[in-house]
Amino acid sequence: MRKLLEGQTALVTGANSGIGEGIAKAMGAAGANVVVNYISHEDDADRVVQAIEKDGGKGTKVKADVSSEHDVKAMFKTAIDKYGTVDILVSNAGIQKDSKFVDMTLDQWYGVLNVNLTGSFLCAREAAKEFLRRGVVKERSKSAGKIIFISSVHEVIPWAGHANYATSKGGIMMLMKTIAQELAPHNVRVNSIGPGAIETNINKSAWST
């Protein structure tokens with residue numbers, strides 16, 4: 001059977017653990033060339049790339065801070081230089097810096113917004129630029145490109161003690177809807193996924209009790 005993403009390149013941010021790791025492996029298994037983004041724990045990024053290649057796929061790791069415009073542009077250049085283009089962006093990288101609202105510092109506020117929301121914006125913007133430059137390649141896909149944001153149920157469900165995180169995810173929801181509207185005439189698909197609590201390390205305090 002032909003693999004559904006054969007010949008396409010997927011860039012997955014925060015792909016060395018958790019949801020991002022699962023998505024990267026699945027896209028590799030579906031035939032995509034996978035760019036595994038990470039910011040720390042390089043050994044985990046190596047492990048994900050090795051798993052993709054063991055399953056018959058192609059993968060490469062790229063270190064980049066998604067909240068840095070310079071890093072994001074360099075990451076996309078690396079991906080395009082290696083694979084020719086990028087067809088799919090999965091904007092997954094995210095962090096939490098939890099605090100009671102009255103005690104929340106600017107570092108906690110900006111730290112989460114910079115990675116979760118600004119990082120999503122920067123990555124989506126670079127992906128969209130590449131999709132519009134290249135256009136539709138019918139042999140690979142009916143769309144010029146796909147952007148998938150990994151959001152959270154907390155884009156719509158309030159979460160006391162996590163004002164920065166919930167705000168960042170609410171912003172992702174509106175970012176997704178707005179650029180989906182803007183990019184639709186160019187055959188670019190934009191969607192988001194809002195998971196609940198997933199059994200990953202970031203939620204260990206919840207699922208281990």
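For the chain, adding -39500 (n - 2.57) for each run of n ≥ 4 DSSP H residues and dividing by the number of residues yields -13000 deg cm²/dmol at 222 nm.
Of Lys142/Lys177; Lys77/Lys138; Lys58/Lys142; Lys73/Lys169; Lys129/Lys177; Lys54/Lys169, which pairs sit farther than 26 Å apart, going by alpha carbon to alpha carbon?
Violating the 26 Å limit, Cα to Cα: Lys54/Lys169.
Ligands, DNA and RNA left out, the 1.4 Å accessible surface of the chain is 55% carbon and sulfur atoms. Mean silhouette area of the stretch 94-145, derived from the convex hull of its C-alpha atoms and averaged over all directions, reads 4.6 nm². Here, the stretch 1-149 yields an orientationally averaged convex hull projection of 9.2 nm² when only Cα atoms define the hull. In the chain, which longest range has no GluC sites (Glu not before Pro) that are both DSSP loop (not H, G, I, E or B) and surrounded by at most 14 other Cβ atoms within 10 Å? The longest uninterrupted stretch comes out as 7-138. Per-residue extension of 0.36 nm, minus the Cα-Cα distance of Arg47 and Ala26, leaves a gain of 6.1 nm for this segment.
Exposed loop sites are taken as trypsin sites (Lys or Arg not before Pro) in a DSSP loop (any state but H, G, I, E or B) with at most 13 other beta carbon atoms within 10 Å; the longest stretch of the chain without one runs 3-99. Ranked from largest, the principal axis spans of the Cα set of the stretch 62-136 equal 49, 22, 16 Å.
Taking every C-alpha pair closer than 8 Å and separated by at least 6 residues, the mean separation divided by the residue count of the chain gives a relative contact order of 18 percent.
For Asn187 and Trp207, compute 0.36 nm times the residue count separating them, minus their Cα-Cα distance, and round to one decimal in nm.
3.2 nm
The values are calculated or read from the model by the stated rules, or taken from the named source; none is laboratory data. Bear in mind the structure is a predicted one, so any value in this text is a computation, not a measurement. Positions of Cβ are backbone-derived with ideal geometry, glycine not excepted, and every protein chain shown enters the neighbour counts. Accessible surface areas use protein heavy atoms only, side chains included; no ligands, DNA or RNA. Shrake-Rupley method; radii C 1.70, N 1.55, O 1.52, S 1.80 Å.
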